[in-house]
Amino acid sequence: MPLLCMHNKISYIWENQPNIKMKDKTIDYILRTTWLAVQKMYNEEAAKFDSTMATGFTLLSIDPEKGTPSTALGPKMGMEATSLSRILKSMEIKGLINRKPNPEDGRGVIISLTENGREKRDYSKEKVLLFNEAIKKNVSEEQLKHFYEVSEVINDMVCNKKIYNQSNS
């Protein structure tokens, strides 16, 4: 069973070795190819509504009632300020968000959803929940629990630099 549904579009070391079983592929390969497939799926869905996965993710990260300080949005999404700035500019042009001065920080800005932004946010939320339900129907609770546990370990190890920056003690 091929992991990567975009098999012919993306070239990795394993593509020319079809006899290698899933268990023999590297963990980063499985993470990367799975994420690329999910990202492609979300972008195809978002394109039906003149949007992108990045826009949907941003909409879901903005508090629909109070808005979200722009300085909190990047860390919340795990994005660099430059990339986020481009997305926000595009969203503002499309009428999905407004920028308002932050009353608690004179230098800051609150990103708020417009009515159109709320509608697109609801659509994005629906698609994410549909994806989650589809996975839950095909994966046991135990498998999902292990997936979360392994993902948490990987994230902790990467974020806390426990792989390449190990001490020699």
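See the values below:
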| quantity | calculated |
| --- | --- |
| Sole residue being of a type outside the set (D, E, K, R) and modelled with pLDDT of 95 or more, chosen from F49, F147 | F147 |
| Pair list, Cβ under 7 Å, 6 or more apart: region 55-66 residue in contact (Cβ under 8 Å) with a residue 24 or more places away in the chain, other residue part of a loop (DSSP other than H, G, I, E, B) and of a type outside the set (S, T, Y) | L59/L96 |
| Which listed residue is of a type in the set (V, I, T), surrounded by 14 or more Cβ atoms within 10 Å (Cβ to Cβ) and out of contact with any strand residue (DSSP E or B) (no Cβ under 7 Å at 6 or more places or on another chain), from I87, I97, I135, I110 | I87 |
| Every residue from region 95-135 that is basic (K, R) and closer than 20 Å to L84 by Cα | R99, K100, R107, R118, K120, R121, K125 |
| Conditions (1) out of contact with any helix residue (DSSP H, G or I) (no Cβ under 6 Å at 6 or more places or on another chain); (2) surrounded by 11 or more Cβ atoms within 10 Å (Cβ to Cβ); number of the one not met by S61 | (1) |
| Residues that are at pLDDT below 95 and charged (D, E, K, R), drawn from region 106-117 | R107 |
| Criterion: farther than 25 Å from V38 by Cβ, out of contact with any Pro (no Cβ under 6 Å at 6 or more places or on another chain) and modelled with pLDDT under 95 - qualifying residue of P103, P75 | P103 |
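The values are calculated or read from the model by the stated rules, or taken from the named source; none is laboratory data. As the structure is a prediction and not an experimental result, all values here were calculated from the model. As a convention, Cβ positions derive from the backbone with ideal geometry for all residues, glycine included, and neighbour counts pool all protein chains shown.
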